[in-house]
1. Only residues that are within 16 Å of P98 (Cα to Cα) and under 15 Å from the mean Cα position of the chain (by Cα): list them for segment 128-147, please.
2. Filter segment 148-165 down to the residues that are over 14 Å from the mean Cα position of the chain (by Cα) and exposed (fewer than 15 other Cβ atoms within 10 Å of the Cβ) and list them by number.
3. So which of H143, H154 ends up being assigned to a helix (DSSP H, G or I), in contact with a strand residue (DSSP E or B) (Cβ under 7 Å, 6 or more places away or on another chain) and at pLDDT 90 or above?
4. For segment 44-62, give me each residue that is of a type outside the set (S, T, N, Q) and without any contact (Cβ under 8 Å) to a residue 60 or more places away in the chain.
5. Among the candidates G181, G168, single out the residue that is surrounded by 13 or more Cβ atoms within 10 Å (Cβ to Cβ), among the small types (G, A, S), at pLDDT 90 or above and out of contact with any helix residue (DSSP H, G or I) (no Cβ under 8 Å at 6 or more places or on another chain).
6. Kindly provide the set of residues from segment 125-174 that are under 21 Å from D82 (Cβ atoms) and touching a Phe, Trp or Tyr at 6+ places or on another chain (Cβ under 8 Å), ordered by number.
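The values are calculated or read from the model by the stated rules, or taken from the named source; none is laboratory data. Predicted, not measured: the structure shown is a model, and the values here were computed from it. Glycine gets a Cβ as well: all are built from the backbone with ideal geometry, and neighbour counts include every protein chain shown.
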Amino acid sequence: MPAEKMDDSEPAHSTDLAQAPAPEPVDDGSPHVEVDVVHEVDQWRDNGVDRSLVARAVKAAIAAAGSAGDDPCEIAVLLTSDAQVRDLNGKWRGQERPTNVLSFPLAADGAPPGEPRLLGDVVLAFETVLDEAGAKGLPLGDHASHLVVHGVLHLLGFDHQSDAEADGMEELERRVMASLGLADPYVPAPALLGEGA
C-alpha cells in the first residue's frame, strides 16, 4: 500500500503503554537505541514477530534517517489486536475502526542527563496486518517490519501529506527494507501461478 494511503497517526502524546504488560527491552549491544516491545497479543510471537525482528526494523529506520547520533533514544512498540487499535484510533483520531499502524510521537525536547530521549510509540494491529500480508503474498514478519519502519519514520518527523513527502518517505522505506534484506514494499508481489495466465 503506498505510504500516502497508509493510515497512521502523529498526535503529540503517548498511548499509555504503562497500562500494558511489561515491555521486553531489547539490548543487542547498540548503546543508542532502546526498543521496548510489548506483546499484548500472543499471535504476533506465535507467527514469528518477536522482539529481535521489531528491534532490527526500528534500528534500521533510525540509522537510515540519520537520527540516532550519539544521543541514546527509546521507542516502544505495542503489538496488539484490531480491537485495541480501533479503541486507540477512536480515542486519538476520532476514527472508530482498526488500522494497520499508529504512531504516537512524544513532543519531548530532550531527556534528563543519563536518560534516553523518548521518541514515542508505534502500535500494530494483528488481524489487519495479517490480512494485508496474506493479500500481498508476504510473510507476516516482512510486512510487520515494513509497518514498524513506517511508524518509526513518523516518530522521526517524516510524513506523506504531499506527493513530494510521500515520494521521499517511500524511498527511505525502500532503502531501510533493502538494508534488512527484505523486498521493496512498494513493488506489487508477483502474480500467483495460474492467475491470469
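1. T128, V129, L130, E132, A133, A144, L147
2. Q161, S162, D163, A164, E165, listed by residue number.
3. It is H154.
4. R45, D46, D50, R51, A55, K59
5. Exactly one of G181, G168 is surrounded by 13 or more Cβ atoms within 10 Å (Cβ to Cβ), among the small types (G, A, S), at pLDDT 90 or above and out of contact with any helix residue (DSSP H, G or I) (no Cβ under 8 Å at 6 or more places or on another chain), namely G168.
6. If the condition is that a residue be under 21 Å from D82 (Cβ atoms) and touching a Phe, Trp or Tyr at 6+ places or on another chain (Cβ under 8 Å), then F126, A144 are the ones that fit.
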